Amino acid sequence: MTSAESLILGIETSCDETSVSVLAHGSDIRSNVVASQADLHRRFGGVVPELASRQHLERLLPVLDEALERAGAVLEDLTAVAVTQGPGLVGALTVGVAAAKALALSRDLALVGVNHLEGHLYGAWLAAPDLALPAVALIVSGAHTDVVVMRDHGHYEVLGRTRDDAAGEAFDKVARAMGLGYPGGPELDRLAHGGDPRAVPLPLPMADESFEFSFSGIKTAALRVLATASRSAQFDADFAASLQRVVVEVLVAKTMRAAVQTGVSTVLVVGGVAANSRLRAEMDRACRQAGVRLVVPPLPLCTDNAAMIAAAGYQRLRRGLRADLHLGASSDLALV
């Protein structure tokens with residue numbers, strides 16, 4: 001491989017996945033290795049930050065070696081290294097940032113710091129390299145629920161975000177209370193396939209005309225129903241389906257309202273909750289009815305991964321944005 005291929009190494013360590021990717025030409029994934037820590041954190045019902053950081057320290061170099069091997073590349077083939085600098089768990093982020101700076105210094109590589117949310121946005125380009133702007137994006141995960149207008153590369157306008165819990169956090173907390181384990185969101189989604197989404201009455205969370213979200217109330221309401229219910233396999237399936245219905249209804253309605261108001265012809269749905277089957281189906285239905293193009297990454301690119309970080313880094317490099325060796329981790333790094 002030659003430097004003319006613009007091989008970028010991506011590093012993602014913002015939470016509990018250690019991931020390294022090699023990307024060519026901004027969208028050609030040569031490798032994308034993800035080492036999950038789910039088994040480690042499952043016994044605690046959620047991510048333990050200190051344990052996550054230690055796991056990143058142990059796994060990053062083996063994952064790097066595997067990513068290079070799968071890509072058929074060596075360090076000398078790389079032209080740049082892009083790394084998640086925030087937001088996320090500061091200890092976990094620091095591991096990735098330190099590794100990226102060491103690689104940049106030792107191999108004279110361009111260094112790019114990437115916002116994790118921007119990385120999720122560029123996961124859409126990996127699925128659809130011909131994606132045209134402007135677009136409205138729903139960034140929805142365990143920590144974030146934002147509606148963003150992407151006017152151009154690097155130009156974002158946040159129309160609304162959650163005032164408290166994110167949609168994914170609500171799913172995870174309720175799933176934990178149901179005894180579904182960790183991570184709870186995917187388990188809740190699987191359980192919901194056998195349920196009636198209108199069987200259990202639940203309120204719509206912040207179903208107003210704004211672009212803001214709030215999911216703490218629906219989480220509390222769901223937990224109260226759960227605490228007084230006569231549990232059965234069918235009830236659990238109905239309950240999961242009903243919870244997903246009310247959350248997804250609001251996510252879809254506000255995203256589509258943003259698309260209409262801004263006049264865009266493309267909607268993106270990205271982040272870990274973009275893997276939710278009901279959200280994907282209902283957003284697809286709404287976009288078809290509105291004559292709007294929907295782009296949702298394939299499931300492996302919805303959850304945290306380094307390919308999306310490398311893709312975002314590629315676009316930042318094209319705009320001449322490079323970091324120096326003072327690059328640091330930021331747990332609350334803002335998108336705009």
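A short reminder: the numbers here are calculations on the coordinates, not readings from a lab. In this text, all values refer to a predicted model and were calculated from it rather than measured experimentally. Quick reminder, even Gly has a Cβ in these numbers, built from the backbone with ideal geometry, and neighbours come from all protein chains shown.
When a/c is below 1.5 the answer is rounded, else prolate if a/b is larger than b/c, else oblate, so apply that to segment 168-239 with a ≥ b ≥ c taken from the square roots of the Cα gyration tensor eigenvalues. The shape class here is prolate.
Normalised Debye scattering of the chain at q = 0.07, 0.08, 0.12 Å⁻¹ gives log10 I(q)/I(0) of -0.28, -0.37, -0.82, counting only Cα atoms as equal scatterers and leaving out solvent.
Cβ crowding within 10 Å, taken as a proxy for footprinting-reagent exposure, orders Arg288, Arg70 from fewest neighbours to most as Arg288, Arg70.
Pairs of alpha-carbon atoms within less than 8 angstrom and 6+ residues apart define the contacts here; what relative contact order does the chain have, in percent?
Details: 756 pairs, mean separation 83.7, N = 336.
Relative contact order comes out at 25 percent.
With θ taken as phi - 60° and the Karplus curve 6.51 cos²θ - 1.76 cosθ + 1.60 applied, the whole-hertz 3J(HN,Hα) list for segment 271-281 is x, x, 6, 5, 7, 5, 5, 5, 4, 4, 5 Hz, x standing for glycine and proline.
Return Ser331, Ser19, Ser141 ranked ascending by Cβ neighbour count within 10 Å, so the fewest neighbours appear first.
Ser331, Ser141, Ser19
Annotation: amide H of Thr162 within the under-5 Å range of Thr145, Phe213, sequence separation 5 or more or interchain, hydrogens built in the peptide plane. Residue exposure proxy: Leu105, Leu180, ordered by other Cβ atoms within 10 angstrom of their Cβ from fewest to most, comes out as Leu105, Leu180. Give the percent of DSSP beta bridges with both residues in segment 133-297 that are antiparallel, rounded to the nearest 5. Counting only bridges with both partners in segment 133-297, antiparallel ones make up about 60 percent. Its Kirkwood hydrodynamic radius, worked out from the mean inverse distance over all distinct Cα pairs, puts segment 93-215 at 17.5 Å.
Over the residues of the chain, the helix contribution to mean residue ellipticity at 222 nm works out to -14500 deg cm²/dmol, using -39500 (n - 2.57) for each DSSP H run of at least 4.
Residue-normalised convex hull volume from the C-alpha trace of segment 77-158: 109 Å³ per residue. Toward the positive end of the charge dipole of the chain, with +1 on the Cβ of Lys and Arg and -1 on the Cβ of Asp and Glu, the farthest Cα among Val22, Gly46, Leu111 is that of Gly46. From the Cα gyration tensor of segment 133-297, with a ≥ b ≥ c the square roots of its eigenvalues, which class applies: rounded if a/c is under 1.5, or else prolate if a/b is larger than b/c, or else oblate? Prolate.
For segment 255-336, the normalised intensity computed at q = 0.12, 0.13 Å⁻¹ comes to -0.51, -0.59 (log10 of I(q)/I(0), Debye sum over alpha carbons, equal scatterers, no solvent).
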